[in-house]
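Notes to accompany the following structure.
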Amino acid sequence: MKIKLKKAIKHKGQEIFTLDIPLEDLTGNDLIDVEKQLMQSGEVPVVTDFNKTYLISVAAKAVHMPVEILKSASAKDFTRITNEVRNFLTLS
């Protein structure tokens with residue numbers, strides 16, 4: 001899935017205006033890894049499918065980018081990314 005960002009994010013010295021998030025390439029192990037990372041950080045999402053930290057972490061896993069980079073997206077872009085991930089996980 002490609003998402004055109006309203007405001008660029010910076011990663012490795014480059015401005016990124018479009019994110020290609022290959023969610024269909026993720027495995028169950030990837031999702032479990034994201035949950036484990038969140039639990040180790042002290043954040044335990046009760047319902048992962050609606051937890052923005054979990055959803056943005058899944059997106060970061062899919063694009064092989066530090067989650068902090070995606071968290072720095074504008075509020076509108078961040079919400080669009082997390083909504084797309086949630087829709088992929090819950091509607092597929």
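The values are calculated or read from the model by the stated rules, or taken from the named source; none is laboratory data. Since we're looking at a predicted model, the values are computed, not measured. Positions of Cβ are backbone-derived with ideal geometry, glycine not excepted, and every protein chain shown enters the neighbour counts. Surface accessibility is based on the protein's heavy atoms, side chains included, excluding ligands, DNA and RNA. Shrake-Rupley method; radii C 1.70, N 1.55, O 1.52, S 1.80 Å.
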Over the chain, with a Gaussian network built from C-alpha contacts below 10 Å, which listed residue (Lys61, Lys71, Lys12) shows the highest mean-square fluctuation?
Lys12
In segment 1-86 the accessible area split gives carbon plus sulfur, as whole percent at 1.4 Å, a share of 51
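Over the chain, what is the relative contact order in percent, taking alpha-carbon pairs closer than 8 angstrom and at least six residues apart?
On the way: 99 pairs, mean separation 28.0, N = 92.
Worked out over the chain, it gives 30 percent.
So if each residue of separation counts as 0.36 nm, and I subtract the Cα-Cα distance between Val47 and Ser72, what length gain in nm does that give? Spell out each step's value before the answer.
On the way: separation 25, 0.36 × 25 = 9.00 nm, distance 2.31 nm.
That works out to 6.7 nm of additional length.
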Which angle between 0 and 90 degrees, to the nearest 10, do you get for helix 28-40 versus the longest principal axis of the chain when only C-alpha atoms count?
90
For Lys52, Lys4, give the ranking by accessible area with the largest first, probe 1.4 Å.
Lys4, Lys52
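Kirkwood-based Rg over Rh for the chain (C-alpha set), two decimals?
On the way: Rg = 12.5 Å, Rh = 13.3 Å.
In the chain, Rg relative to Rh is 0.94.
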Run the simple label-point estimate for Thr27 and His11 please: 7 Å along Cα→C-beta, distance reported in nm.
2.1
Just Leu70, Leu38, Leu55 to compare: in a GNM of the chain, with alpha carbon springs under 10 Å, which one fluctuates most?
Leu38
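Compute the length gained on full extension between Gln37 and Met1: take 0.36 nm times their separation in residues and subtract their Cα-Cα distance, giving the result in nm to one decimal. Numbers along the way, then the final one.
On the way: separation 36, 0.36 × 36 = 12.96 nm, distance 2.40 nm.
Extra length from Gln37 to Met1 when fully extended: 10.6 nm.
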